[in-house]
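Heads up: the structure comes next, in structure tokens.
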Amino acid sequence: MSDAPTPSPLYVKLLAETAQIGWSELERFFAQGKLIWVKGDLDLVSVAEAVANDDKQQVTQWLSAGLVERMQAETASDLAARDPELWAVVLSPWVCVQERGK
């Protein structure tokens, strides 16, 4: 039996809404300044949950550590050139995006 905490209903909902997506489908959100880039090993759904819950303290920690940011032009250019496997979850108006399998 696992001692892991039970995920919140919001986490479960967001997890179910997380999907693989191509860069071409995300470009318009980037153009609107609505993409949140989630780096490295951070749990994409946990970030989405913190944003949805307006958890300013946690989001600020990630921003300060450089783990979460509004997507920059350099990142967008890199993704457009490579077209890697991306996963996204929508938190209108934001879209949280992460590259998998790096």
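The values are calculated or read from the model by the stated rules, or taken from the named source; none is laboratory data. Here the structure is a predicted model, which means the values were calculated and not measured. We place every Cβ from the backbone using ideal geometry, glycine too, and count neighbours over all the protein chains shown.
Laid out as a table, the results:
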{"item": "Among (1) at pLDDT 95 or above; (2) out of contact with any helix residue (DSSP H, G or I) (no Cβ under 8 Å at 6 or more places or on another chain) - the single one Asp41 does not satisfy", "result": "(1)"}
{"item": "Those residues of region 1-57 which are among the hydroxyl-bearing types (Ser, Thr, Tyr), over 21 Å from Thr75 (Cα atoms) and assigned to a helix (DSSP H, G or I), in sequence order", "result": "Tyr11, Ser46"}
{"item": "Region 30-54 residues that are within 14 Å of Ala88 (Cα to Cα), paired with ones that are among the charged types (D, E, K, R) and not in a loop (DSSP other than H, G, I, E, B) (beta carbon under 6 Å, 6 or more apart)", "result": "Trp37/Glu69"}
{"item": "Residue check for Thr60: surrounded by fewer than 17 Cβ atoms within 10 Å (Cβ to Cβ), hydroxyl-bearing (Ser, Thr, Tyr) and without any contact (Cβ under 8 Å) to a residue 60 or more places away in the chain", "result": "yes"}
{"item": "Selection within region 46-102 - over 19 Å from Leu10 (Cβ atoms) and either touching a His at 6+ places or on another chain (Cβ under 6 Å) or polar (S, T, N, Q) (or both)", "result": "Thr60, Gln61, Ser64, Gln72, Thr75, Ser77"}
{"item": "Test for Gln61: is it polar (S, T, N, Q) and either within 10 Å of the chain's Cα centre (by Cα) or closer than 18 Å to Glu49 by Cβ (or both)", "result": "yes"}
{"item": "From Leu86, Leu63, Leu79, residue being of a type outside the set (Asp, Glu) and more than 18 Å from Gln20 (Cβ to Cβ)", "result": "Leu63"}
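Per-residue answers, yes or no, for (1) out of contact with any helix residue (DSSP H, G or I) (no Cβ under 8 Å at 6 or more places or on another chain); (2) among the hydrophobic types (A, V, I, L, M, F, W, C):
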site	(1), (2)
Asn53	no, no
Gln57	yes, no
Ser64	yes, no
Glu69	no, no
Gln72	yes, no
Glu85	yes, no
Val90	no, yes
Trp94	no, yes
